[in-house]
Each structure stands twice: as C-alpha cells, then as structure tokens.
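What follows draws every value from the coordinates through simple rules; no lab data is involved. Worth saying up front: this structure is predicted, and the values here are computed from it rather than measured.
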Amino acid sequence: MDQLASASVFGGLTAAATTFGLIFLAEIGDKSQLVCMALAARHHHRPVLAGAIAAFVVLNILAVVFGAGLAHWVPERILAAIVAVLFAAFGILSLRAKEQDDTEEIKERSGHGIFATTFLMIFLAEMGDKTQLAVAGMAGTLPAIPVWIGATLALGATSALGILVGRKLLRRIPMHR
C-alpha cells in the first residue's frame, strides 16, 4: 500500500512540475505579465499581485473543471491531439502577431481599488487564452489538483516577475513627460 501512495504522490508532483514548466514558459511576455508590469509601475505592488493571483485561481479552477469534465466525454488520444493542435495554433498566431502599441495610459477607475482593477483586467484578458486551454487539456489527461497547483504557481510566478520588472523600470525610467 505504501508503494501505491508513493506512486500517487510522485505522479502528482510530476504533473504539477510539468504543468508549472509548460505554463511558466508559455506565459513569459504574455499580455497578463505586461498588465502586471504596467500596473506595478504606477501602483503599489501588493494589490496588483493579489489581484493577478486571485484571477488566476478562478481561471484555473474553470479550466481544470472544464478539462476534467471534457475528459469524461472525449477519448484521451483525441483530447490530447485537440489540445496539441490548439496550442500549436496559438503559438503560430503569437509569432505572427504584430506588436501592439502599449503607450496607452492605464488609469484606475474611480470607485475600484487596484486589486479589483487587476483582477478584472487579468480575468478578461486571459479567459480562453492559450494557457487556459493548455491547463484544461492537461487536466483532461493528468490529475486535476496537481495541474491546478502547477498552473496557479506558474502564473503567480510570471506575474510576480512582471511586477518586479515593472517596479525596477519605474526606478530607472521616468514615468512623466
């Protein structure tokens, strides 16, 4: 019985580590990281990080529930092929996408805190994003909870990295004209 529990723990750790690596690499330089960077350059970093992590917790729950549910209706091989094709398509589209003009000023809406602003910006920007589809696909073939943990940690880490870079840029580049 101990060997079975060890195999289960090892499988969960492997799923979490695999998910973390894939999602972390996919999210570097993505729009949510840029949102965190821009907001942290203008606002206090703690509510920006808390808002981003809260948004990713919710998004990853939705993705894992969807992926695990879909796995019950679609055979694993077909689901894996669909996820691979979608992920490749998003990768190709990302490479072909033109640079967007990021000079637009980000202003906090009156009546909303920076936490809520960050949460809503990340939630809306990432709904249906390549990483959410990847999380859903992995949850269909790997244990759901380790996938959720790995994805949430990866997205939190990339957000924290974006915030760190945003704060460093603020110190080096003047924000006024």
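Please list 3J(HN,Hα) in residue order for region 56-69, calculated via the Karplus relation 6.51 cos²θ - 1.76 cosθ + 1.60 where θ = phi - 60°; whole Hz, with x for glycine and proline.
5, 4, 5, 4, 6, 4, 4, 5, 5, 4, 4, x, 5, x
Quick one: length gained pulling ALA50 to ARG96 fully straight, 0.36 nm per residue minus the C-alpha distance?
13.4 nm
Find how much the distance from VAL65 to ALA157 grows on full extension, using 0.36 nm per residue of separation minus their present alpha carbon separation; answer in nm with one decimal.
Contour length minus Cα-Cα distance gives 30.9 nm.
Per-residue HN-Hα couplings for region 131-148, Karplus 6.51 cos²θ - 1.76 cosθ + 1.60 at θ = phi - 60°, whole Hz, x for Gly and Pro?
With coefficients 6.51, -1.76 and 1.60, one gets 6, 5, 5, 5, 4, 4, x, 5, 5, x, 10, 10, x, 5, 5, x, 5, 4 Hz.
Just report the Cα centroid separation between region 135-169 and region 20-39, whole Å.
A separation of 9 Å, based on Cα centres.
At 0.36 nm per residue, and after removing the present C-alpha to C-alpha distance, how many nm does the segment from ARG42 to VAL58 gain when stretched out fully?
Length gained, ARG42 through VAL58: 3.3 nm.
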